[in-house]
Each structure stands twice: as C-alpha cells, then as structure tokens.
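Input: a single structure, listed below in structure tokens.
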Amino acid sequence: MDLKDWRLASALALIGGLLSLLSVFYLTEHLSFAIGLYYGISTALNAYNITPSSGIVSLLSQSSAISLALSIIYIMFPFSLIISAIGVLWVFSKSYLRLTSAVLIFCAIAYMALSFVLNLNFAFPGLSVLAYVPYIGSLLAIAGGALGLLNITQRQGQKRAVSPIQINPETPYSNMILISNRLMKKLSGNVRILDMHVDSRAMENLARLVGGSAGSYKKISILTTGDRLGGDFTKAYNDFKAEMANMNVEFELRIIKESEAHRQHERMILDDHKAYKIPPLNIINRKNEHIVSINHADAEKWFERLWGGSTRFENAP
C-alpha cells in the first residue's frame, strides 16, 4: 500500500470514529433532556396531585423506552471511542497492526448493529435526521479497517520476496530447480514477463519453471519482440497456451513496437506485489547472473505502458 492508500485508510477510520462519537453525544444529550422532561412532568403531577390527561399518560409511557434507548447508547459509546482512538493512532503513527485493523472492524460492526437495534425499536421525534449518520460512520471505519488489513497482506507479501539468486552456469539443471522453488513458487495472481528475446527455448524453460506453481496464477502475460518467433515457436506457443488453459490459467503473448524495443535492455518478471530483474528466459539457467528484486510500482507502470501499445501474437503480421 502506498502513501496515498495509507492516508485514505487513516482518514476513513478517523472520520468514521468522529461521526460515531458525535452521534453518541447528540443522542445522549437529546435523550437525557427527554428523560429529564418526563421526570419533571411526573414529579409535578405527583406533587400537586393532578390527574393527567390521556395525552400526558401516553407521553409519560415513553419514558421507560427512552431510558432503555439511553442504555444502548451508553454501550455504543466505548465502541465509538475505540474507533476514534484507532483513527488518531493511525494518523500519527503511520503504521498498521493486524490487531488494530481487526478491532476497528469489530467495533464498527458492533456499533452499527446497536444503531440498527436502536432505530428498529425506538422512534423519537427530532432524531430522524441522524438516523443515517451512525451507519455512515460505521461503514467508513469498516472500509478503513479493510484497507489496513490489505496493507498488512501486501507488506507480508513483500517480506516474502526472494533474496538474490545466483545463477551458476555450471549447474543448469539445478538452476532450474532453484529458480522454480525460490522465484516462480513465490509468484501469484497475474504474472507478467518482459523479455525481448523470447523463442522456442524460452517457452520450454518457462514450462519447466512453472511446473507445479501454475495453480497460483490467474494469467501469464509475455511482452517480447517478433525477431525470434519463427520456426517451431507457433507450435510451442499453442501447446503451452492449451496446457495453461487446462489449468485455468490464461496465457497471452504480445509483440512490442519496434520503436519501443530499442529502449528496453533489461528483462523482468512481476506479479501483483513483487518484481524482479531476470536473465534472458531462453538461457535463464545458463547465464552467470543474479535474479534480484526491483521496484514493483515502477516495473508495473512500465510493463503496462508497453502492454497497452503492443500487438497480440495471433494478430501479428
């Protein structure tokens, strides 16, 4: 999660908590005033031995219901206070914990449930304008907690990023096992590869590397030039695509524009959270090189820009 997402999550939690607190304060004040008014009327009737009219009796009968409603609001108060405290904590600490995100969501749901019970069973004049404010505050807090959990998940995914992998050209067979276990099995979701020199051998190596990891992928996308796609490549491409389809993995290869190809020298592989610089795919197990992590946001932005201007292999001339 980047800085913009962090600010959004913190703002949602803080605004949700403040709306919840304001709702509790207003309802407490309003209901306390109503209870005091009913108590004063009842005291005056008893003190002066006045026989109440049917309208006053009906009005006084609501006092017990309002007392119960006030008790529910007292229970809502600590939940709104915790939501606000977590919002303030996130704003100033600039960090998340799984526990605080879970507590935020739990308190927001509990606050919303109590608000629902209050509005379902009690209807008091003058309070209808605030009927939706507690729900809005709760939903904002839930959204903030969900973003917090997403942040934690992404950071854990980044922590699982592989350390640099040294490729030893003297052990090509072992290198394939090493890359498969330490790189390909760490990837998931949408896997994207940028390599200017993909050919039949690259497809063969990719098939060996994917191995038992395909179940973690949704799609494999490759960007390359068209200078090595002749010969037996079409058959290798179709066979690999069909094999991936049998595993419910979409596969697509696109050809980059010639005007862009000369600007691209390094190769990379990335998924939804991690990105790496890799050796050429057709000699990935034979070149004396390191596989190292690179900035995911920059890699993804660059890949998607090239992808948008590329041509599907099936449509290439």
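The values are calculated or read from the model by the stated rules, or taken from the named source; none is laboratory data. Quick caveat, the model's predicted, so the values are computed rather than measured. Cβ: placed from backbone, ideal geometry, glycine included. Neighbour counts: every protein chain shown.
So here's what we get for this one:
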{"read-out": "Strands (runs of 3 or more DSSP E) wholly inside the stretch 167-256 containing at least 1 residues that are over 14 Å from Asp271 (Cα atoms)", "value": "217-224, 250-255"}
{"read-out": "Some residue of the stretch 61-76 being farther than 29 Å from Ala141 by Cα, in the same structural domain as Val117 (by TED's automatic domain parsing), loosely packed, with under 13 Cβ neighbours inside 10 Å and at pLDDT below 85", "value": "yes"}
{"read-out": "Selected residue (criterion: modelled with the lowest pLDDT) from residues of the stretch 245-271 that are over 32 Å from the mean Cα position of the chain (by Cα) and among the basic types (Lys, Arg)", "value": "Arg263"}
{"read-out": "Answer residue from the stretch 91-106, given it is at pLDDT 85 or above and touching a helix residue (DSSP H, G or I) at 6+ places or on another chain (Cβ under 8 Å) and is nearest to Leu21 (Cα to Cα) among those", "value": "Leu104"}
{"read-out": "Subset of the stretch 7-18 (residues that are touching a Gly at 6+ places or on another chain (Cβ under 9 Å) and surrounded by fewer than 23 Cβ atoms within 10 Å (Cβ to Cβ))", "value": "Leu8, Ala11, Leu14, Ile15, Leu18"}
{"read-out": "Filtered residue count, the stretch 166-179, keeping only those that are buried (at least 17 other Cβ atoms within 10 Å of the Cβ) and in contact with a Leu (Cβ under 9 Å, 6 or more places away or on another chain)", "value": "3"}
{"read-out": "Close pairs (7 angstrom Cβ cut-off, 6 or more residues apart or separate chains): modelled with pLDDT under 75 in the stretch 107-134, in a helix (DSSP H, G or I) and loosely packed, with under 15 Cβ neighbours inside 10 Å anywhere", "value": "Phe122/Ala65"}
{"read-out": "Any chance Thr153 is hydroxyl-bearing (Ser, Thr, Tyr), part of a helix (DSSP H, G or I) and under 30 Å from Leu89 (Cα atoms)", "value": "yes"}
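Here is a yes/no grid of residues against (1) surrounded by fewer than 18 Cβ atoms within 10 Å (Cβ to Cβ); (2) of a type in the set (D, E, K, R); (3) in a helix (DSSP H, G or I):
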{"residue": "Ile269", "(1), (2), (3)": "no, no, no"}
{"residue": "Tyr276", "(1), (2), (3)": "no, no, no"}
{"residue": "Asn285", "(1), (2), (3)": "no, no, no"}
{"residue": "Asp298", "(1), (2), (3)": "yes, yes, yes"}
{"residue": "Arg305", "(1), (2), (3)": "yes, yes, yes"}
{"residue": "Pro317", "(1), (2), (3)": "yes, no, no"}
